[in-house]
């Protein structure tokens, strides 16, 4: 029997399903960062807003990277439905703490796909995700550094204004 | 055509020369390329069979399946859906593009 299906598709369907889940997660992250940018604009944190607009774009780029990988490997990428985006935050500290929480979830999800791909012997998917693993280290580190800066600066007096100004250091 | 897998209601074939697949649904046999087959898999595995046992969520216990870019329409009952889920999962394993038979929906 000829492997027509295998000849047309280079990854396992289980990996395809998980990568489609990751596409949804990246799209969700992009939408969350856009909501955060909106919150920052409305509350006078204009530099932080710029930071989150950029983050939203980056998450969309990550989504497209996975989308195109699925096309290249003969899989079927699914355009994600996004709902339940939170627009309410109690403070700028809450915004960055929520960001770190979300980045940790994304990291865990990517690690789970790598583990599953390894279990399936799907080397193509495993190698593809190498870039994402390292990217998540960078993403988490950026937010941790901003939270450290917030702690050192403090939120009293002109602290909030200083925090917003210093976020510029993390906009490339 | 080469037989890949057979279940109670359906038969799945592969046609090497045409590089296509065929599913005999009983009423009719439909040809599918791999993309259409993956789309079918997604639709079938996304069906919540639990809803069939809740009259608020699925009043009549039927599913309408539109396949191959709306070229074919099937109305299937609970047992036929269960059988189709089984056929799809087993066929993907036989063809070597799925490692395991999944129980979770996609």
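Listing for the model above:
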{"read-out": "Test for residue B:39: is it farther than 18 Å from residue B:89 by Cα and at the interface with another protein chain (Cβ under 10 Å from one of its Cβ atoms)", "value": "no"}
{"read-out": "Residues satisfying the stated conditions in the range B:42-66, i.e. within 14 Å of chain A (Cβ to nearest Cβ) and either under 17 Å from residue B:15 (Cβ atoms) or surrounded by 11 or more Cβ atoms within 10 Å (Cβ to Cβ) (or both)", "value": "B:42, B:43, B:44, B:45"}
{"read-out": "Any hit, the range A:79-93, residues being more than 14 Å from every other protein chain (Cβ to nearest Cβ), in a helix (DSSP H, G or I) and either within 17 Å of the chain's Cα centre (by Cα) or surrounded by fewer than 18 Cβ atoms within 10 Å (Cβ to Cβ) (or both)", "value": "yes"}
{"read-out": "The lone exception for residue A:141 - which of (1) part of a helix (DSSP H, G or I); (2) touching a residue at least 12 places away in the same chain (Cβ under 8 Å) it fails", "value": "(2)"}
{"read-out": "Answer from A:47, A:73 - the residue that is surrounded by 14 or more Cβ atoms within 10 Å (Cβ to Cβ) and more than 14 Å from every other protein chain (Cβ to nearest Cβ)", "value": "A:47"}
{"read-out": "Filter result for residue A:2 (free of Cβ contacts under 8 Å to residues at least 24 places away in the same chain and at the interface with another protein chain (Cβ under 10 Å from one of its Cβ atoms))", "value": "yes"}
{"read-out": "Residue count, the range B:15-31 (criterion: out of contact with any helix residue (DSSP H, G or I) (no Cβ under 6 Å at 6 or more places or on another chain), within 11 Å of another protein chain (Cβ to nearest Cβ) and touching a residue at least 12 places away in the same chain (Cβ under 8 Å))", "value": "4"}
{"read-out": "Qualifying residue in the range B:47-62 (condition: within 24 Å of residue A:76 (Cα to Cα) and part of a strand (DSSP E or B))", "value": "no"}
{"read-out": "Residues being part of a strand (DSSP E or B) and over 15 Å from residue B:85 (Cβ atoms) - total across the range B:7-28", "value": "8"}
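Residue-by-condition table, conditions (1) under 18 Å from residue A:9 (Cβ atoms); (2) touching a strand residue (DSSP E or B) at 6+ places or on another chain (Cβ under 8 Å); (3) modelled with pLDDT of 90 or more:
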site	(1), (2), (3)
B:12	yes, yes, yes
B:15	yes, yes, yes
B:25	no, yes, yes
B:28	no, yes, yes
B:41	yes, no, yes
B:56	no, no, no
B:66	no, yes, yes
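The values are calculated or read from the model by the stated rules, or taken from the named source; none is laboratory data. Treat the numbers as computed from the prediction; the structure is a model and nothing was measured. Neighbour counts run over all protein chains shown; Cβ positions are idealised from the backbone, glycine included.
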